[in-house]
Amino acid sequence: MQQSTTPAAADADAPMAAAAAAAAASQQPSSSGSAALHAAAPPSASGNGMQPPITATAAATAAAVMPVPPSGQNDSTTATATSKGSSLSLTANTAPAAAAAPPSTAASLAASSSAAEAADYEAEHVHAVYESIAPHFSATRYKPWPVIADFLTSLAPGSVGFDVGCGNGKYLGVNPGVHMLGSDRSASLVSFARDHGGAERSQDVAVADGLALPFPEGRADFAICVAVIHHMSTRERRREAVRALLDCVRRPSAGGDGEDGGQILVYVWALEQSNSRRGWDESTEQDLLVPWVMKQKKEKKEKKPKTKKTKAGAAGGDGEEEVVVEAGNDAGGSNDPPPPADTTYQRYYHLFRKGELEEDVEAVGGKVVRNGYDKDNWWVVASRCSS
């Protein structure tokens, strides 16, 4: 697959990061919320795409960013990747955000309220869930998908980029010739990602929200975002997430074909999954709560009473007799406690119909370079427009 051919200067061994987000906000995202999230009505697909959630137990902290340094090291505040005599600064902009102007109309009040409700809904049905299931989730995510691996291995050596929503970090080491900084909203998953390279190479990762990325604008050669944006509960937020990715990468030269700029790769769940085990199709609601079941390990049944045979006379009999050796009571007796129950978590998903992801890319000033369908997912490679 063709990819950016003029990477920003970088050194794959430069300490790019735990640094890029280190100077951002110092508050760790909240993972509060019920340990088991039960089914609730998903957001409506009508209007602005969001109804007030039935429950919202976790506060939204959309702009929160917390770096996770390797054990025993202090947090860094800057990082610079260098190569061939030039440098790329990856220091985050830490200036406080300007205060939002007070809403002056009923429409702006409604928009502000809707955004808060969406953030609260995602805090409960996305962020808190992933914090709770992180070890189990990480154990099921270990093999890179071919299209994504092809994209990464096609990058020019020395390219610098980001994996936004990196999860357990399975893509961070796919191409050792590029330097990637991973970020994820889940602190627990970031901990797994940091150690994904093993003892020899700790990965550069940070906790960051996809709508408030701490990365410098227009400097990266690439960014990937796999199975993340479908967790945003309104179209406005999904488009803002795409915009945030495009803002990270280099703008192509004026008058060019766009191939010389930075590119992003985005994967989302498809509505059209009629051939999958889920059986979703165009008649399915696009906004769903999808269960993740944590099966509890059942206690092993204790062995049934063992028997051994003794010679005649050892127990005073004529011939052989069976002697019971107690090994404990059999499991399942009337006085035994019930086995632990499985726990079901409800994750919010927006299922993208054909063409919807491309519409979102173009709506925020992006240009679709190529696109496709892969294993129940829609994907696009996109770049910024040259002007």
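The values are calculated or read from the model by the stated rules, or taken from the named source; none is laboratory data. Model, not experiment: these values are computed from the prediction. Positions of Cβ are generated from backbone atoms using ideal geometry, with glycine treated the same way; all protein chains shown enter the neighbour counts. Note: areas computed on protein heavy atoms with side chains; ligands, DNA, RNA excluded. Shrake-Rupley method; radii C 1.70, N 1.55, O 1.52, S 1.80 Å.
Does S183 count as open to solvent by less than 30 Å² (accessible area, probe 1.4 Å), in a loop (DSSP other than H, G, I, E, B), at pLDDT 95 or above and among the small types (G, A, S)? For S183, the condition - open to solvent by less than 30 Å² (accessible area, probe 1.4 Å), in a loop (DSSP other than H, G, I, E, B), at pLDDT 95 or above and among the small types (G, A, S) - is not met. Going residue by residue through segment 192-207, is there one that turns out to be within 30 Å of D287 (Cα to Cα), open to solvent by 20 Å² or more (accessible area, probe 1.4 Å) and not in a loop (DSSP other than H, G, I, E, B)? Looking for residues that are within 30 Å of D287 (Cα to Cα), open to solvent by 20 Å² or more (accessible area, probe 1.4 Å) and not in a loop (DSSP other than H, G, I, E, B), one finds at least one in segment 192-207, hence yes. Within segment 131-163, the residues that satisfy the criterion of being of a type in the set (A, V, I, L, M, F, W, C) and farther than 18 Å from P176 by Cβ are I133, A134, F137, A139, W145, V147.
Kindly check whether there is at least one residue in segment 322-341 that is open to solvent by 50 Å² or more (accessible area, probe 1.4 Å), modelled with pLDDT of 65 or more and not small (G, A, S). Looking for residues that are open to solvent by 50 Å² or more (accessible area, probe 1.4 Å), modelled with pLDDT of 65 or more and not small (G, A, S), one finds at least one in segment 322-341, hence yes.
Assessment of segment 134-157 against the conditions (at pLDDT 95 or above, over 27 Å from D376 (Cα atoms) and in a strand (DSSP E or B)) yields no matching residue. Selection of segment 218-246 for residues being part of a helix (DSSP H, G or I) and touching a Gly at 6+ places or on another chain (Cβ under 7 Å) yields R235, A241, V242, A244, L246.
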